[in-house]
Amino acid sequence: MSTVRYAAPGRVNLIGEHTDYNLGFALPIGLPQRTVVTFTPDDSDAITASSDRADGSVRIGLDTAPRDVTGWAAYVAGVVWALRDVGHQVPGGTMSITSDVEVGSGLSSSAALTCAVLGALKTATETATATATGSRLDRVEAARIAQRAENEYVGAPTGLLDQLSALFAEPDTALLIDFRDITVRPVPFDPDAAGVTLVLIDSRVRHSHAGGEYADRRASCERAAAAMGAATLRDVQDRGLAALSAVTDPVDLRRARHVLTENQRVLDFAAALKDSDYSTAGGIMTASHESMRDDFNITVPQVDLIAETAVRAGALGARMTGGGFGGVVIALVPLDRVESLSATVRGASADAGYDEPTIRRTHSAAGATAL
């Protein structure tokens, strides 16, 4: 059987944090950083997987069930289980994984891994059969399977944002995702053509989506929606912030307010991009960070310092991206201010006693694909 190589990118969410599981809006891009899976199928009843980030290999039986495998290999096992659970064939074989998507930085290394594994397994299956009729997955179905791998096998309660980002990403394009009907619309995103660039500032504070804080935020949103007589917060979006008067718990109210205002910020940001109005887009990014800090309570002091310093140093706007509690700040920065801004952010971090952040420019890149 022939060897398959499949890659999937990390992602940056330009705006729209913790809106996906509330059936709202988000606007991510795919990154140049990718996870690559090399898979050689055979006739065995297991996959032997190895990673460039771990010693040794892990044997994953094709009959694996949730919680059988832990650690990084759980994401591979989760895809095996989720594919088989919905009736897709999965071959045994040998799998090796390499990646330059930073783990725990908010760039969705887990979705890059699950989508690359899924693509490799499905490509191997389709290549081995005389006809692939009826076996191919559309991208939305693939995203749901990859999400199940994380939700039900690994136990990380992520929404669908990361998987859709990895699978639909395009160069010079942001993705306007509506999670109520699962539609993905391209929005032009080429700030460099307007003399602006997207800068990633990695705080080097790491987080874990499997932790209780993420699940706590999701439960809080669900309670707020129920208090307003709705199934999800998206159902009250058109009612405006006045609908929050029905939410008596002050913490639930603040978290719901973040989601409702963040949904509107996504739409406003997308409109600004269509006009190449990066000044307005930057202001919306900063407002998003303030909402995540004050209402959703998912930032940490080091991330707040980076975002605030970046804006003072000339960024058009800056915000944390990802699930929170660490990770990366993104900033829209005029090209002629990137070097001075980087030096100022590094200096402020050092003065506060924090680890030196890593800073680099980036751009939107292509989505998951066979190599």
Taking the stretch 216-247 and keeping only residues that are among the polar types (S, T, N, Q) and in contact with a helix residue (DSSP H, G or I) (Cβ under 7 Å, 6 or more places away or on another chain), one is left with SER220, THR232, GLN237
So, SER291, is that one free of Cβ contacts under 8 Å to residues at least 40 places away in the same chain, of a type outside the set (Val, Ile, Thr) and at negative phi or not?
yes
Counting only residues in the stretch 139-170 that are under 18 Å from THR369 (Cα atoms) and in contact with a Ser or Thr (Cβ under 6 Å, 6 or more places away or on another chain), the one modelled with the lowest pLDDT is identified as ASP162
Per the list (1) among the hydrophobic types (A, V, I, L, M, F, W, C); (2) touching a residue at least 12 places away in the same chain (Cβ under 8 Å); (3) not in a loop (DSSP other than H, G, I, E, B), residue check on ALA365 breaks on (3)
When the stretch 329-358 is checked residue by residue, the ones that are surrounded by fewer than 23 Cβ atoms within 10 Å (Cβ to Cβ) and part of a strand (DSSP E or B) are PRO334, THR358
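Restricting attention to the stretch 156-189, and to residues there that are among the hydroxyl-bearing types (Ser, Thr, Tyr) and under 15 Å from LEU107 (Cα atoms), which single residue is surrounded by the fewest Cβ atoms within 10 Å (Cβ to Cβ)? Please lay out each step first, then the result.
Here is the first cut: in the stretch 156-189, the ones among the hydroxyl-bearing types (Ser, Thr, Tyr) are 158, 165, 173, 183.
Of the ones still in play, those that are also under 15 Å from LEU107 (Cα atoms) are 158, 165.
Details: THR158: 23, SER165: 33.
Across the stretch 156-189, the extreme among qualifying residues is THR158.
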Wholly inside the stretch 24-100, strands (runs of 3 or more DSSP E) that include 1 or more residues that are touching a Leu at 6+ places or on another chain (Cβ under 6 Å) and among the hydroxyl-bearing types (Ser, Thr, Tyr) are 25-42
When every residue in the stretch 132-153 that is of a type in the set (A, V, I, L, M, F, W, C) and more than 16 Å from the chain's Cα centre (by Cα) is compared, the one surrounded by the fewest Cβ atoms within 10 Å (Cβ to Cβ) is ALA132
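The values are calculated or read from the model by the stated rules, or taken from the named source; none is laboratory data. As the structure is a prediction and not an experimental result, all values here were calculated from the model. Cβ coordinates were reconstructed from backbone atoms using ideal geometry, including for glycine residues, and neighbour counts include every protein chain displayed.
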